[in-house]
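The values are calculated or read from the model by the stated rules, or taken from the named source; none is laboratory data. Remember, predicted model here, so these are calculated numbers, not experimental data. Positions of Cβ are backbone-derived with ideal geometry, glycine not excepted, and every protein chain shown enters the neighbour counts.
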Amino acid sequence: MNKAGSDVPTNEPLESPTEAANPTLTLRARNPLPDGSDAPPTDLPPSPGVAVVPAVLDEPLRLGPDTVERLRARLPRLAELTVRAIIDQVPAYTDALAGPIGANMRGAVELALGGFLTLAVRSSGGGVRSPRTPALDGAYALGRGEARAGRSMEALLAAYRIGARESWRQFSRTAVETGVGADTMARFAELVFAYIDELSAASAAGHADELATTGRVREWYLTRLVTALLGGASEQRVVDAAERADWRPPTSLAAVVLPTRQAARALTTLDDRTLRTDELPGLPPEEHSELTVLLVPDAEGPGRVAAAAALRGLDACLGPATPWLQVRTSYRRALRARRLLGGGPAGAQPGGQLIDTEEHLVALAVTADPEVLEDLRRRALAPLADVRSGTAERLVETLRAWLLLRGRREEVAAALHVHPQTVRYRVGQLRELWGDRLDDPQVVAELTVALAWEPPAPPPPSPTPRSSATR
């Protein structure tokens with residue numbers, strides 16, 4: 001690297017002083033994953049590039065050799081004063097530029113201003129507008145480094161404004177001492193501020209690009225984390241994935257399955273640590289193509305009430321809150337409840353109906369093994385085998401209510417919307433069919449489990465619009 005202040009500017013881009021002094025601040029996205037896969041994909045959306053402001057003039061600055069030599073000689077002192085002014089006037093840099101970081105920043109300022117002098121007094125055309133100069137590349141890298149360090153763009157631009165004033169104060173003092181005329185001084189000022197405008201624009205672009213890139217990389221790591229959580233990865237792999245995603249694990253997680261079109265609305269009111277994926281393990285592509293899974297932190301107690309409120313009005317299925325490393329259990333239960341209670345192959349429940357699995361544990365328990373449940377129902381309801389289907393349906397409905405309400409006739413009648421005498425008549429029919437077995441605890445237990453849940457009725461078909469020919 002050429003020494004700052006030499007006649008030829010260095011061809012190496014400046015690196016962020018923060019990054020140079022703190023190599024551990026580089027993107028963690030560069031690290032490989034524990035499963036041996038590569039770091040984040042390299043086909044991230046392209047950076048919008050460095051935006052530069054147009055140069056004011058194309059002609060070089062006419063300064064005498066003595067003036068240029070004295071300006072170069074004072075570059076180290078100028079850099080020192082500039083950095084000191086930034087430390088004094090921009091709170092974000094008060095502690096950040098102490099020690100080796102401050103020394104690195106002084107070197108960066110000296111190199112940038114030395115590059116300006118070279119460009120300003122060069123004999124060829126082109127003026128100070130040179131977007132690929134090392135100083136602009138360095139300013140862009142500086143912006144990215146400051147974003148990684150967590151400092152705002154406002155603080156960075158404030159540092160540039162203060163740096164511009166201090167630089168011009170020192171440049172102009174030397175120029176006056178060497179007898180530079182008024183016209184040349186005006187031109188000098190114009191070029192100084194145009195050049196620093198270019199530097200600040202490059203740094204602003206770097207800062208914005210770093211935030212965007214970091215966001216894309218983190219989103220990629222968060223997706224990997226959800227895949228590990230729902231895909232049954234080892235506990236260590238999941239913990240490593242959480243660390244790489246810079247995601248602080250909560251005590252518990254609850255899975256939410258909902259239509260993709262409603263996910264953005266849900267995320268606006270859920271905990272900001274909520275994870276998302278549109279890839280649903282265990283479902284064929286044709287079923288999960290329009291579904292999204294959200295993993296909501298700490299959805300238990302008051303947190304569950306808040307989560308349910310955030311999901312109100314959505315076609316969502318909320319699974320139980322489980323220890324965060326066991327959220328796969330919550331996901332499976334939410335998915336099964338959606339398919340069981342939502343209707344349709346993908347479990348789409350119409351009308352913005354929230355399904356809370358905690359309110360449907362009986363249905364989930366008795367349907368855990370559909371074949372066993374079917375065998376139990378067939379055996380328990382065998383006395384109805386020879387009864388007409390319409391009558392059998394009414395008797396099954398009455399038997400379920402009678403079992404669940406423990407034979408309280410008035411309540412059974414209210415639940416079925418029939419007269420109590422109708423209940424009495426139907427119970428008589430049931431006793432004729434079952435006999436004394438309706439008093440056998442084992443038979444009653446089998447009937448209760450067999451009839452504890454009924455599939456929801458399918459939604460009514462949409463009315464077929466009449467064609468114009470029938471009107």
**Q.** Flag for Ala334 being modelled with pLDDT of 90 or more and crowded, with 20+ Cβ neighbours inside 10 Å
**A.** yes
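For the structure I just gave you, tell me whether Ser172 is surrounded by fewer than 18 Cβ atoms within 10 Å (Cβ to Cβ) and under 37 Å from the mean Cα position of the chain (by Cα).
Working: surrounded by fewer than 18 Cβ atoms within 10 Å (Cβ to Cβ): yes; under 37 Å from the mean Cα position of the chain (by Cα): no.
Against the criterion (surrounded by fewer than 18 Cβ atoms within 10 Å (Cβ to Cβ) and under 37 Å from the mean Cα position of the chain (by Cα)), Ser172 does not qualify.
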(Q) Kindly evaluate Ala414 against the criterion of being modelled with pLDDT under 90, closer than 28 Å to His360 by Cβ and either in a loop (DSSP other than H, G, I, E, B) or not assigned by TED's automatic domain parsing to the domain that holds His360 (or both). (A) no
Q | Total residues in region 175-191, condition part of a helix (DSSP H, G or I) and surrounded by fewer than 19 Cβ atoms within 10 Å (Cβ to Cβ) | A | 9
Q | Residues located in region 112-158, provided they are in a helix (DSSP H, G or I), at pLDDT below 80, surrounded by fewer than 24 Cβ atoms within 10 Å (Cβ to Cβ) and among the small types (Gly, Ala, Ser) | A | Ala120
**Q.** Qualifying residues in region 367-394 (those that are assigned to a helix (DSSP H, G or I) and polar (S, T, N, Q)) - the one surrounded by the most Cβ atoms within 10 Å (Cβ to Cβ)
**A.** Thr391
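Output the residues belonging to region 392-432 that are in contact (Cβ under 8 Å) with a residue 24 or more places away in the chain and under 19 Å from Glu446 (Cβ atoms). Step through it out loud before you land on a result.
Here is the first cut: in region 392-432, the ones in contact (Cβ under 8 Å) with a residue 24 or more places away in the chain are 394-396, 398-400, 402-404, 423, 426-427, 429-430.
Listed by number, the residues that qualify are Leu395, Val396, Thr398, Leu399, Arg400, Trp402, Leu403, Leu404, Val427, Leu430.
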Q) Of all helices (runs of 4 or more DSSP H) completely enclosed by region 242-337, which ones contain at least 3 residues that are touching a strand residue (DSSP E or B) at 6+ places or on another chain (Cβ under 9 Å)? A) 260-267, 302-311
**Q.** Count - residues of region 196-242 that are small (Gly, Ala, Ser) and surrounded by fewer than 18 Cβ atoms within 10 Å (Cβ to Cβ)
**A.** 6
**Q.** Residue within region 213-228 that is part of a helix (DSSP H, G or I), under 36 Å from the mean Cα position of the chain (by Cα) and of a type in the set (Phe, Trp, Tyr) present
**A.** yes
Q: Take region 248-261 and flag every residue that is without any contact (Cβ under 8 Å) to a residue 60 or more places away in the chain and crowded, with 17+ Cβ neighbours inside 10 Å.
A: Leu258
Q. Looking at (1) over 16 Å from Thr274 (Cβ atoms); (2) at pLDDT 95 or above, can you tell me which one Thr322 breaks?
A. (1)
Q: Answer yes if at least one residue in region 282-299 is at pLDDT below 90 and either under 17 Å from Ala228 (Cα atoms) or crowded, with 23+ Cβ neighbours inside 10 Å (or both), and no otherwise.
A: yes
Q: Scan region 63-88 and report the pairs whose first residue is without any contact (Cβ under 8 Å) to a residue 12 or more places away in the chain and not assigned by TED's automatic domain parsing to the domain that holds Val192 and whose second residue is in a helix (DSSP H, G or I) and surrounded by fewer than 19 Cβ atoms within 10 Å (Cβ to Cβ), with Cβ atoms within less than 8 Å and a gap of 6+ or a chain change.
A: none
